[in-house]
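To start, the structure under review is shown below, and the notes come after it.
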Amino acid sequence: PIPTEQWAQVAEQIGGPLIYKKIPVQQPGPDEVLIHIKYSGVCHTDLHALHGDWPLKTKKPLVGGHEGAGIVVALGSLIEDIQIGDYAGVKWINGTCLLCSFCQQSDEPLCAKAALSGYTVDGTFQQYCIAKAAHVARIPKDCNLESIAPVLCAGITVYKGLKESGVRPGQTVAIVGAGGGLGSMACQYAKAMGVQVIAIDGGEEKRALTSQLGAETYVDYIRSENLVRDIKAATEDGLGPHAVLLVAASERPFQQATEYVRPRGTVVVMGLPASAYLRASVFESVIKMISIKGSYVGNRRDTAEAIEFFRRGCIKVSYKTCGLSELQKVYDLMEKGKIAGRYVLDTSK
Ligand code: 8ID
Ligand code: ZN
């Protein structure tokens, strides 16, 4: 039986505080499903939302979270292709119009009417969450709900970003922020695609993690005296990596990437630090024929593919688990850059 009340982490206003309390369980609309969230990853985006970092307003009060894995417990009247008891995931893109030219061309994240989980609609830091059935991630029954949670944002996003980078097997990608949630997944997706990884992050814990995940080299941005030189030196011919994935949550690395990317290379911008700008020398960009592009989560096909890499065992998510009630503790660590990999919340605690 579905309870009428549930535990949730609620932010009444921008900046918090977070209040762990009981709130009502909602009923799904005709085109929606209700998912009993068992586990939810904590993405840095959730912290940006709480801080009001971006020029896009959140819902208030807000239940954050957009990496939720759970079990379908109720179906809207129109839903035929999902059954009660199925495993399903709530991702950042909660729903889109399915009609605009972007939706028609499977660029659903670009839909102007996209509903965003844990941002414009309540997300996965609660025990029961609603999502549009068309966008719910289908999770095969042989997947573990705890370890798959981070795939639902971090995994999808970096998988898409790697595809957008155009990097091919045998080539090299530099992952900036490689020890964090997105970065640790990016190391593994890259490796699974046959791409060599230069991991860039700070500290020994992240060095150990990224090397365990298959990165060939580690460049410590805190200790390096010349980051551009060190990253170039980590490539076979010294000419720099074919692609750079920027998944750090601070602005500084967004100003350097074009200096070390290889001629003809691609810089993919994914991290979203507050009020940040990219910097690139016009001269270098032209004579090196550099591409710079943004990449934003993924569409439904990217979602299915990213999940399939996980199901086949190509991706082992690196995470620690704690209770939903302990979210503030996770944010405190995240703020200090102290999380290697991801934190997953168990909604029963
Ligand atoms: O669709 C998208 N584009 C998308 C999807 C999901 C998340 C974008 N994001 C954004 C988040 O909003 C956030 O801004 O990607 C960024 C990273 O999210 P995350 O992986 O969840 O954050 P994290 O776990 O805190 O990892 C960030 C890492 O960056 C490192 C930190 O040490 C940490 O490991 N880092 C920082 I901060 N500054 C760095 C620097 N100068 C750095 N690494 C290298 N050089
Ligand atoms: Zn996210």
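Give the range of the longest stretch in the chain that excludes all GluC sites (Glu not before Pro) found in loop regions by DSSP and having at most 16 other beta-carbon atoms within 10 Å. Segment 81-215 is the longest. Listed from fewest to most Cβ neighbours within 10 Å, the set 153, 97 follows the order 97, 153. Among 289, 334, a tally of other beta-carbon atoms within 10 Å of each Cβ gives an order, fewest to most, of 289, 334. Taking 22 Å as the limit for the C-alpha separation, the pairs 38/132; 22/60; 113/141; 21/59 exceed it in the case of 113/141.
Put in order of Cβ neighbour count within 10 Å, fewest first, the listed residues 35, 307 become 307, 35. Gain on full extension, evaluated as 0.36 nm per residue between residue 321 and residue 47 minus their Cα-Cα distance, stands at 96.9 nm.
Once the Cα atoms are used to define both axes, helix 154-165 deviates from the longest principal axis of the chain by about 40 degrees. Under 20 Å from the 7 Å Cα→Cβ point of residue 252, by amide nitrogen: which residues of the range 315-349? Residues 333-341 fall inside that zone. With contacts defined as alpha carbon pairs under 8 Å and 6 or more residues apart, what's the relative contact order of the range 155-294 in percent? The normalised contact order for the range 155-294 reaches 21 percent.
Classify the range 155-294 from the C-alpha gyration tensor, please: rounded if a/c falls under 1.5, else prolate or oblate depending on whether a/b exceeds b/c. Since a/c stays below 1.5, the shape of the range 155-294 is classed as rounded. Using only side-chain charges placed at the Cβ, +1 for Lys and Arg and -1 for Asp and Glu, the dipole size of the range 155-294 relative to its Cα centre rounds to 420 debye. Gain on full extension, evaluated as 0.36 nm per residue between residue 335 and residue 12 minus their Cα-Cα distance, stands at 114.3 nm. Loop-resident trypsin sites (Lys or Arg not before Pro) (DSSP state other than H, G, I, E or B) in the range 43-101 with no more than 15 further Cβ atoms inside 10 Å of their Cβ: 57. Computed on the Cα trace of the chain, the radius of gyration divided by the Kirkwood hydrodynamic radius gives Rg/Rh = 0.97. Computed from Cα atoms, the angle from the helix 181-192 axis to the main principal axis of the chain rounds to 70 degrees.
Here the simple spin-label model places points 7 Å from the Cα toward Cβ, and for residue 308 and residue 80 these points are separated by 2.5 nm.
Read-outs: derived from the displayed coordinates by stated rules, not from any lab. No experiment lies behind these values; they were computed from the predicted model shown. Note that we place each Cβ from the backbone using ideal geometry, even for glycine, and neighbour counts take in every protein chain shown.
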